[in-house]
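Reading through the structure tokens given below for one structure.
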Amino acid sequence: MSSQDIEHSMSQGGSPDAAMAARNRLVIGILLISTFVMILNETIMSVALPRLMHDLDVTAGAAQWLTTAFLLTMAVVIPITGFLIQRFNTRPLFLISMGLFSVGTLLCALAPGLLSLVFGRVVQAAGTAIMMPLLMTTVMNLVPPQTRGRTMGNISIVISVAPAIGPTISGIILNVLDWRWMFWLVLPIAVTALVLGGRLIQNVTTPRIAPLDIVSVVLSAIGFGGLVYGLSSIGEAHGAEHIVPLWVPVAIGALGLALFIARQFKLQDLDRALLDLRTFKSKTFTLAIVMMAINMMALFGMIILFPIYTQNVLGMDALQTGLMLLPGGLMMGLMAPFVGRWYDRVGPAPLVIPGSILVSAVLWSMTLLGETTAIWLVLTGHMVLSVGLALLFTPLFTASLGALPARLYSHGSATLGTIQQVSGAAGIALLVSLMSLRMTVLSDQGATDVAALAGGIRMAFMCAAILSLGTIVAALFIRKTKDPDEMPVGAVATGH
């Protein structure tokens with residue numbers, strides 16, 4: 001809704017506040033739908049890899065680049081979005097983001113081989129990386145603090161449900177259609193969102209001159225890219241030999257990240273930082289980030305481990321596995337708006353404390369999985385885990401960004417997005433590596449392949465369960481803060 005539309009609404013007896021609210025709802029709605037379609041693509045390939053290996057005649061390691069390249073691009077581009085959101089207006093950023101995603105989807109659908117398919121995934125990821133922080137920052141700027149929980153509940157649907165139902169949708173499509181239909185079916189939705197957004201979305205932020213530090217961009221790409229690539233490679237290794245030791249990209253990434261952080265500390269006092277780390281002066285933001293990282297590790301690790309367990313231990317096929325994961329994903333989606341409303345009324349503590357306890361309890365129960373575990377027990381565990389994550393994501397998003405002053409919203413959103421990608425890759429790497437190591441030990445002791453795999457999965461869940469104890473402790477200190485822009489100078493440093 002443009003300024004002319006608002007004036008027309010006023011001339012018809014409407015109030016400017018009502019017209020502005022309608023415009024804001026339209027902008028947020030378009031961004032939500034677009035982001036959901038994009039995030040869905042992060043996990044839609046997981047079930048499709050065996051089919052792609054056969055159809056394209058490539059190895060598992062080569063096919064895995066379809067996921068690794070996507071995560072790698074996200075990790076490299078997201079830290080730059082803090083600068084982009086400050087420097088450019090809402091509408092052009094949306095058009096660039098959705099345009100890149102649509103073009104990438106078309107390239108994937110038409111790809112004659114693996115290399116072109118990976119390139120299409122990279123273009124998709126570049127668009128996706130811009131959209132998520134743009135959505136979060138727009139919501140924080142447009143929605144008043146007292147009703148943010150409800151809107152963040154809708155965002156939680158995007159963040160948690162889209163990755164969860166990706167394997168389900170992929171399994172259903174592959175059961176009846178060629179793998180290219182995973183992209184042909186998404187393309188018209190993406191193009192429709194692009195066209196509608198081009199016509200309806202309006203600029204709702206005020207750009208400002210923000211310098212771009214090229215050195216920070218390079219260090220960010222090396223740091224976050226190296227970490228995600230290295231961690232993903234470890235997760236995908238499964239004992240295979242590599243020309244370059246797997247720790248090398250992780251070490252390079254860690255060094256790049258250390259140099260990036262040091263440079264941001266130097267530049268942020270001049271308001272020239274690519275990613276302003278003063279966000280971590282807020283205790284609430286920092287604790288929420290830690291909890292988010294651990295829970296994203298659990299979520300992405302679960303997305304990888306569950307299909308391995310159900311198919312290779314319990315003997316289910318890809319479609320059955322996808323359908324088994326569907327109820328949990330739908331439950332997260334159904335709960336998210338209600339959790340948002342509860343947050344507006346009661347704050348984060350009554351939600352994140354039981355949520356973290358539920359997640360931890362399920363992860364501990366998964367350490368008992370075996371070769372004869374009843375499928376209904378696995379299904380119940382996944383559904384309870386989904387309830388716990390639903391109680392966590394919305395309050396953590398809202399409380400973390402709500403603890404920041406408005407000038408740091410774009411940097412806080414970019415930090416959240418980056419942490420999600422790095423922790424997701426770390427979760428996959430850590431849990432799959434532990435699974436592989438334990439499998440090797442059990443196989444050497446004479447266990448059957450199935451028994452060794454079951455034992456490896458139990459070990460992976462044991463690690464996740466131990467980490468989840470930290471989220472219970474952190475949850476005790478999460479508080480709903482007042483609007484930092486209305487607080488005394490310096491109060492944001494503690495998040496009170």
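The values are calculated or read from the model by the stated rules, or taken from the named source; none is laboratory data. All values reported here derive from a predicted model rather than from experimental measurement. Neighbour counts are summed over all protein chains in view; Cβ atoms, including those assigned to glycine, are modelled from backbone coordinates with ideal geometry. Surface areas here come from the heavy atoms of the whole protein model, side chains and all, with no ligands, DNA or RNA. Shrake-Rupley method; radii C 1.70, N 1.55, O 1.52, S 1.80 Å.
Laid out as a table, the results:
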quantity: Computed accessible area, residue 172, all protein chains, 1.4 angstrom probe, square angstrom; calculated: 80 Å²
quantity: Gained length - residue 192 relative to residue 32, 0.36 nm times residue gap less alpha-carbon distance; calculated: 56.2 nm
quantity: At 0.890 mPa s and 25 °C, Stokes diffusion of segment 29-111 via Kirkwood alpha-carbon radius, µm² per second; calculated: 168 µm²/s
quantity: Extended-chain gain in nm, criterion 0.36 nm per residue less alpha-carbon gap, residue 479 and residue 312; calculated: 55.8 nm
quantity: Kirkwood Rh in Å, taken over segment 96-191 so that all alpha-carbon pairs contribute; calculated: 14.9 Å
quantity: Kirkwood Rh and Cα Rg combined as Rg/Rh, segment 289-354; calculated: 1.10
quantity: For the chain, the Rg and Dmax computed from alpha carbons only, in angstrom; calculated: 22.2, 82
quantity: Rounded to the nearest 10 Å², the accessible area of residue 382 at probe 1.4 Å; calculated: 20 Å²
quantity: For segment 22-72, radius of gyration divided by Kirkwood radius, i.e. Rg to Rh on alpha-carbons; calculated: 1.25
quantity: Förster radius 41 Å - calculated FRET efficiency between residue 406 and residue 444 (Cβ-Cβ, nearest 0.05); calculated: 0.10
quantity: Mean projection area, nm², convex hull over Cα of segment 355-433; calculated: 6.3 nm²
quantity: Accessible surface ranking that places the most exposed of 317, 213, 57 first, with a 1.4 angstrom probe; calculated: 57, 317, 213
quantity: Cα lying deepest toward the dipole's positive end in the chain, options 298, 417, 253, charges on Cβ; calculated: 417
quantity: Using θ = phi - 60° and Karplus 6.51 cos²θ - 1.76 cosθ + 1.60, couplings along segment 391-405 (whole Hz; Gly, Pro as x); calculated: 6, 9, 4, 4, x, 5, 4, 5, 5, 5, 6, x, 7, 9, x
quantity: C-alpha long axis of helix 114-142 to longest principal axis of the chain, angle in °; calculated: 40 degrees
quantity: Within segment 87-108: backbone nitrogen closer than 18 Å to the residue 184 label point (7 Å, Cα to C-beta); calculated: 103-108
quantity: Heavy atoms of residue 343: accessible area, 1.4 Å probe, square angstrom to 10; calculated: 10 Å²
quantity: Carbon/sulfur fraction of accessible area - the chain, other protein chains in place, 1.4 Å, %; calculated: 69 percent
quantity: Distance in nm between pseudo-label sites at residue 364 and residue 54 (7 Å out along the Cβ direction from Cα); calculated: 4.2 nm
